[in-house]
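Below is one structure, written out as structure tokens, with a few remarks after it.
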Ligand code: THU
């Protein structure tokens, strides 16, 4: 596990500090709506252009309607017209870095298999991976073409 240090994320014509992305994710985590699980999660997504979108988990009394933090951030970006993602940070108040669920992995890979994914713990320590590494042998769009 690494600390954020001075690590920078390369975006078009500029760089964005990883620590800042993690802070955006942490702030979103603190706005999570998670009264049923009491497990707040935050996400921050940065597009290739350098736009940042946050997300938090949003639960529902009908539990299955819950949407994870990662998907909230991704769907917000798509709704704004951005689909090329450079990196995503996901954080929870846990000792171990927060690892995205299977559904979120399939959504990430739809848009950005090469996207960097930073799985972050409560202290800001992280494990770096990619969307593709998180979901080998995914259900592939090409299969639909027959
Ligand atoms: N959750 C996320 O938001 N992201 C993840 O990667 C894992 C799980 C949420 C869903 C639910 O609101 C709570 O965490 C407990 O599962």
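The values are calculated or read from the model by the stated rules, or taken from the named source; none is laboratory data. A quick note: this is a predicted structure, and the numbers were derived from the prediction, not measured. In this analysis, Cβ positions are derived from the backbone assuming ideal geometry, glycine residues included, and neighbour counts consider all displayed protein chains.
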Review point. Does the range 1-19 hold any residues that are buried (at least 16 other Cβ atoms within 10 Å of the Cβ) and either over 13 Å from residue 126 (Cβ atoms) or in contact with a helix residue (DSSP H, G or I) (Cβ under 7 Å, 6 or more places away or on another chain) (or both), and which are they?
Key: 4, 7, 9, 11, 16
Revision key, fill the gap. By my count, strands (runs of 3 or more DSSP E) wholly in the range 1-70 with at least 1 residues that are within 16 Å of the ligand (Cβ to nearest atom), in contact (Cβ under 8 Å) with a residue 24 or more places away in the chain and farther than 19 Å from residue 134 by Cβ are 52-56
Review point. Where in the range 77-144 are there strands (runs of 3 or more DSSP E), lying fully within it, with 2 or more residues that are within 13 Å of the ligand (Cβ to nearest atom), modelled with pLDDT under 95 and touching a helix residue (DSSP H, G or I) at 6+ places or on another chain (Cβ under 9 Å)?
Key: none
